[in-house]
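The values are calculated or read from the model by the stated rules, or taken from the named source; none is laboratory data. Note that the coordinates shown come from a computational prediction; the quantities given were computed from them, not determined experimentally. Cβ coordinates were reconstructed from backbone atoms using ideal geometry, including for glycine residues, and neighbour counts include every protein chain displayed.
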Amino acid sequence: MADDTLYMSKMNVGLGSKQPQMHDTHIPVDNPFGLGGHVQSFNYPPCLPEDHPHKKFEGQPKGMHVIAQERGYPVDLKGGKRMVGDCMQCKARSTHKVKYNQSESKEVNSEESESKDEDGHTNTCCLRHLLSMQEDFRGQKCLIQLVRSALTLL
């Protein structure tokens, strides 16, 4: 993958810290909150206004929480809780160490959507899954595909 690829496994939930600088993207047109087509930057600009709440993160990556929030998703849940970065089911899927049994899951993170992906997995279980199901993340190409596409244009 290119260095600035939208790559979920390298993103943090919070702001700044060790995560790559990713390229800007367009919010997918199927965004349920009417934000489709808007350009979204994954990094804060180098100069923010003095009164900006994230002033100390100038030029740094935004993190999954802010990216999802900018797309209109309700990441702040009832009772002052926030949507988790990785739910137990997604952690188990990504590590392949634990076989997930839906009857054992006790983690409930959002009542906003009952939509499911092709595996029957709730799309709003955690930030990582929510964003990974977005068209701009799913449509990422590896570096070889990008070079190949560029060469066919010549």
Tally up the residues in region 31-75 that are over 15 Å from the mean Cα position of the chain (by Cα) and charged (D, E, K, R), please.
5
Looking at 59, 16, which is the one that is in a loop (DSSP other than H, G, I, E, B), on the phi > 0 side of the Ramachandran plot and surrounded by 14 or more Cβ atoms within 10 Å (Cβ to Cβ)?
16
Please list, ordered by first then second residue, the pairs with beta carbon atoms under 9 Å, 6 or more apart or interchain, first in region 46-64 and touching a residue at least 12 places away in the same chain (Cβ under 8 Å), second basic (Lys, Arg) and outside any loop (DSSP other than H, G, I, E, B).
64/128
So if I check each of 46, 53, 61, which one is at pLDDT below 95 and in contact with a strand residue (DSSP E or B) (Cβ under 7 Å, 6 or more places away or on another chain)?
61
Check residue 8 against each of (1) in contact (Cβ under 8 Å) with a residue 40 or more places away in the chain; (2) in contact with a Pro (Cβ under 9 Å, 6 or more places away or on another chain) and name the one condition it does not meet.
(2)
Do we find a residue being in contact with a helix residue (DSSP H, G or I) (Cβ under 7 Å, 6 or more places away or on another chain), of a type in the set (Ser, Thr, Tyr) and part of a strand (DSSP E or B) anywhere in region 39-55?
no
